[in-house]
1. Of all residues in the range 116-142, which are open to solvent by 50 Å² or more (accessible area, probe 1.4 Å), of a type in the set (Gly, Ala, Ser) and on the phi < 0 side of the Ramachandran plot?
2. Between Glu145, Glu113, which is assigned to a helix (DSSP H, G or I), open to solvent by 60 Å² or more (accessible area, probe 1.4 Å) and more than 30 Å from Ala16 (Cβ to Cβ)?
3. What single numbered condition from (1) among the aliphatic types (A, V, I, L, M); (2) crowded, with 18+ Cβ neighbours inside 10 Å; (3) in contact (Cβ under 8 Å) with a residue 60 or more places away in the chain fails to hold for Leu218?
4. Sort out which residues of the range 1-19 are among the aromatic types (Phe, Trp, Tyr) and at pLDDT below 70, and write them in order of number.
5. What number of residues within the range 117-133 are at pLDDT below 90, part of a helix (DSSP H, G or I) and under 18 Å from Leu42 (Cα atoms)?
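The values are calculated or read from the model by the stated rules, or taken from the named source; none is laboratory data. Model, not experiment: these values are computed from the prediction. Quick reminder, even Gly has a Cβ in these numbers, built from the backbone with ideal geometry, and neighbours come from all protein chains shown. The protein model used for the area step is the full one, side chains on, heavy atoms only, and it has no ligands, DNA or RNA in it. Shrake-Rupley method; radii C 1.70, N 1.55, O 1.52, S 1.80 Å.
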Amino acid sequence: MRSVNWDRFQALLLNATGETLYMVAIAALLTVALGLPVGILLFLTRRNGLLPNRAVALLLNALVNTGRALPFVVLLIALIPFTRLLVGTTLGSTAAIVPITIGAFPFFARIVENALDEVDRGRIEAVESMGGTLWHIVSRALLPEALPAILAGVTLTIVMLIGFSAMAGVVGGGGLGDLAIRYGYQRFDNQIMAATIALLLLLVLLVQKAGDRVVSMLARRR
């Protein structure tokens, strides 16, 4: 089938790339905002944690495990009523942010919990010996020590969000995934398909490289 003309081709790619960056940026902020406190609570409320609470720990683990177990495409479809209720539509990049965030924050919460678990207990005991409260332990021992691992987790999460944003195109979520489906797949346009794949790969490589550099710089300063 005949490809779209060059000007139209550029416009489609530019618009789709902008939508993808918008979805990933907002979803990343929301994912960190939700996943970080949930991950901290997972660490604190478990049986050997600093604030053990069986009921809260079971609830949070059930939430995180369920969110991680569901395939994202299934989650996209299952959340259509909730997305419509929240933003008034199920189409477009803004609507896609809802399932993308809900699908990603359990993954990031588990990363945060694992990062905190790697902190040397001696750091925690040192803060406790100085009369530090739970807030002091979290803010002055746990989070600073776990920061490199958490930032590495942020990088992994953003890479996953790029993949989620592409899959959101299945339900009209906009972005490069939607462009690949509507023009590359449905219209058999190999040029569009190849360009969207190349741009998605480029975004992943840039995010991974930038994230690795930030983590490396932070590790050298410690």
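1. Across the range 116-142, the qualifying residue is only Ser129.
2. On the way: Glu113 fails: open to solvent by 60 Å² or more (accessible area, probe 1.4 Å).
Result: Glu145 is the single residue among Glu145, Glu113 that is assigned to a helix (DSSP H, G or I), open to solvent by 60 Å² or more (accessible area, probe 1.4 Å) and more than 30 Å from Ala16 (Cβ to Cβ).
3. Answer for Leu218: the failing condition is (2).
4. Of the range 1-19, the ones among the aromatic types (Phe, Trp, Tyr) are 6, 9.
Across the range 1-19, the qualifying residue is only Trp6.
5. Residues in the range 117-133 being at pLDDT below 90, part of a helix (DSSP H, G or I) and under 18 Å from Leu42 (Cα atoms): 2 in total.
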